[in-house]
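Encoded as structure tokens, the structure appears first; notes follow it.
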Amino acid sequence: MQRQLEIAAELTARLGGGEGFHHVHWRSKLELALDCFICERTARTTVFELGAERALCSGSTSSGFPSHYTAARIAAFDVTSGDDRLALRAVVSFWWAPFTDARTGLRGAAPTLQPWVRLHLGYTCPDEPPTDPHPFTTQTNTLRPTSESCTHCERPVATSTRAPTIRLLD
């Protein structure tokens, strides 16, 4: 059956320009823990790229099932910003079927019993020549508040005070 999850996150950052302004933006990649009915393992890290028609499951080397593609994709990816707030709402669509984990004996679930997500971001520093954006991440299992500082000028770039949320839509 097809299921959908909504992922929402919010950061504070200097978005209005001026002293200390760094262009902070969401990147089109995310990682999510899902139970995979293909390799029949629970809590697999699954990597998503916006626009891709499938995702990559981390698989299970201990079971002899390496990373593999799975029937999952980012169905929606909406970014909003304003008032020093940068927000993301993503919808992930994935196929799921009941199974029992071949190694642990746990029954698969949708969503997995311990949902986890890592969201990717980037920023550019106004004090260095334009290059590829500096990457950083925020994820559900990090102590809050957490802040990111520029690797070039050491000024604060963004702060996360609340963990991203994961909600089953179906």
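The values are calculated or read from the model by the stated rules, or taken from the named source; none is laboratory data. Just so it is clear, the model here is predicted, and its values are computed rather than measured. Ideal geometry is used to build each Cβ from the backbone, glycine not excepted, and the neighbour counts take in all protein chains shown. Accessible surface is based on the protein model in full, side chains and every heavy atom, while ligands, DNA and RNA are left aside. Shrake-Rupley method; radii C 1.70, N 1.55, O 1.52, S 1.80 Å.
For the stretch 114-127, name all the residues that are under 20 Å from residue 165 (Cβ atoms) and open to solvent by 40 Å² or more (accessible area, probe 1.4 Å).
114, 115, 118
What residue, among those in the stretch 55-84 that are open to solvent by 80 Å² or more (accessible area, probe 1.4 Å) and modelled with pLDDT of 90 or more, is farthest from residue 168 (Cα to Cα)?
69
Is it the case that some residue within the stretch 94-113 is under 14 Å from residue 26 (Cβ atoms), open to solvent by 40 Å² or more (accessible area, probe 1.4 Å) and not in a loop (DSSP other than H, G, I, E, B)?
no
What strands (runs of 3 or more DSSP E) completely inside the stretch 31-74 contain at least 2 residues that are closer than 15 Å to residue 102 by Cβ and either in contact (Cβ under 8 Å) with a residue 60 or more places away in the chain or not β-branched (Val, Ile, Thr) (or both)?
Once the strands (runs of 3 or more DSSP E) in the stretch 31-74 are filtered for at least 2 residues that are closer than 15 Å to residue 102 by Cβ and either in contact (Cβ under 8 Å) with a residue 60 or more places away in the chain or not β-branched (Val, Ile, Thr) (or both), what remains is 41-49.
Every residue in the stretch 87-100 that is closer than 22 Å to residue 54 by Cα and not hydroxyl-bearing (Ser, Thr, Tyr), please.
88, 89, 90, 91, 92, 94, 95, 96, 97, 98, 99 - these are the residues of the stretch 87-100 that are closer than 22 Å to residue 54 by Cα and not hydroxyl-bearing (Ser, Thr, Tyr).
Would you confirm whether or not the stretch 36-54 contains a residue that is at pLDDT below 95 and of a type in the set (A, V, I, L, M)?
Among the residues of the stretch 36-54, at least one is at pLDDT below 95 and of a type in the set (A, V, I, L, M), which makes the answer yes.
So that you can scan it fast, the table gives a plain yes or no per residue for (1) polar (S, T, N, Q); (2) within 19 Å of the chain's Cα centre (by Cα):
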position	(1), (2)
89	no, yes
98	no, no
103	no, no
113	no, yes
116	no, yes
128	no, no
151	yes, no
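Name the single residue that is farthest from the chain's Cα centre (by Cα) among those in the stretch 30-54 being among the acidic types (Asp, Glu) and open to solvent by less than 60 Å² (accessible area, probe 1.4 Å).
Going through the qualifying residues, I end up with 35.
Can you give me the ranges of the strands (runs of 3 or more DSSP E) entirely in the stretch 128-170 with at least 3 residues that are touching a residue at least 60 places away in the same chain (Cβ under 8 Å), among the aliphatic types (A, V, I, L, M) and surrounded by fewer than 15 Cβ atoms within 10 Å (Cβ to Cβ)?
Output list is empty.
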